[in-house]
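Trainee: First the structure, then my questions, so here it is.
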Amino acid sequence: MSAERLPHRPAEAHLDERDTRVLAFESRAWQHPGAKAEAIRDEFGISAARYYRILGELIDSPAALRHDPMLVKRLQRMRAARAAARTRRSLSIGRPLD
């Protein structure tokens, strides 16, 4: 199974319609992850996994940061917090018990 490749975004690129829709969608408040996953399929016709790959690349783009800096910075902080939590969990798994 090969990994799906996403097109690289040049730094000077502008947001296309899909990118703008993803940012608008992401700015909504979601109470339940299941509801969001279903809404992703309904809104974009793609899986939640594909949506999050697109979103991850999008929030690294300067164009997205220019479009909605508060949202993009919040999403970047949330991603960094999740990565730090994963690192802490993986480090604690291999640690000997005292």
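Throughout, read-outs are computed from the coordinates displayed, never taken from laboratory work. Keep in mind the model is a prediction, meaning the values are calculated, not measured. So basically every Cβ, Gly included, is an ideal-geometry build from the backbone, and we count neighbours across all protein chains shown.
Trainee: With θ taken as phi - 60° and the coefficients 6.51, -1.76 and 1.60, list the Karplus ³J(HN,Hα) couplings across region 79-88 in order, rounded to whole Hz; mark glycine and proline as x.
Mentor: 5, 5, 5, 5, 5, 5, 5, 4, 5, 4
Trainee: To the nearest 20 debye, what charge dipole does region 17-93 have about its Cα centre, counting +1 at the Cβ of each Lys and Arg and -1 at the Cβ of each Asp and Glu? Please report the intermediate quantities before stating the final value.
Mentor: Working: 16 positive and 9 negative charges, 98 e Å.
In total the dipole reaches around 460 debye.
Trainee: So which GluC sites (Glu not before Pro) in region 14-98 pass both tests, a DSSP loop state and at most 15 other Cβ atoms within 10 Å of the Cβ?
Mentor: Details: sites: Glu17, Glu26, Glu38, Glu43, Glu57; in loops: none.
Those that pass, being in a loop and sparsely packed, number zero.
Trainee: Sorting check: for 71-77, 85-91, 45-51, which peptide has the highest mean count of neighbouring beta carbons within 10 Å, and how do the rest follow? Mind showing how you got there, number by number?
Mentor: Working: 71-77: 15.4, 85-91: 9.6, 45-51: 13.6.
Packing order, densest peptide first, comes out as 71-77, 45-51, 85-91.
Trainee: Using only the Cα atoms of region 26-87, build the gyration tensor, take square roots of its eigenvalues as a ≥ b ≥ c, and label the shape rounded, prolate or oblate: rounded if a/c is under 1.5, else prolate if a/b is larger than b/c, else oblate.
Mentor: Values: a/c = 1.68, a/b = 1.26, b/c = 1.34.
Since a/c reaches 1.5 but b/c is at least a/b, the shape of region 26-87 is classed as oblate.
Trainee: Continuing with the same structure: Can you work out the Karplus-derived ³J(HN,Hα) for every residue in region 53-69? Use 6.51 cos²θ - 1.76 cosθ + 1.60 with θ = phi - 60°, whole Hz, and x for glycine or proline.
Mentor: 5, 4, 4, x, 6, 4, 6, 8, 8, x, 5, 5, 4, 5, 5, 8, x
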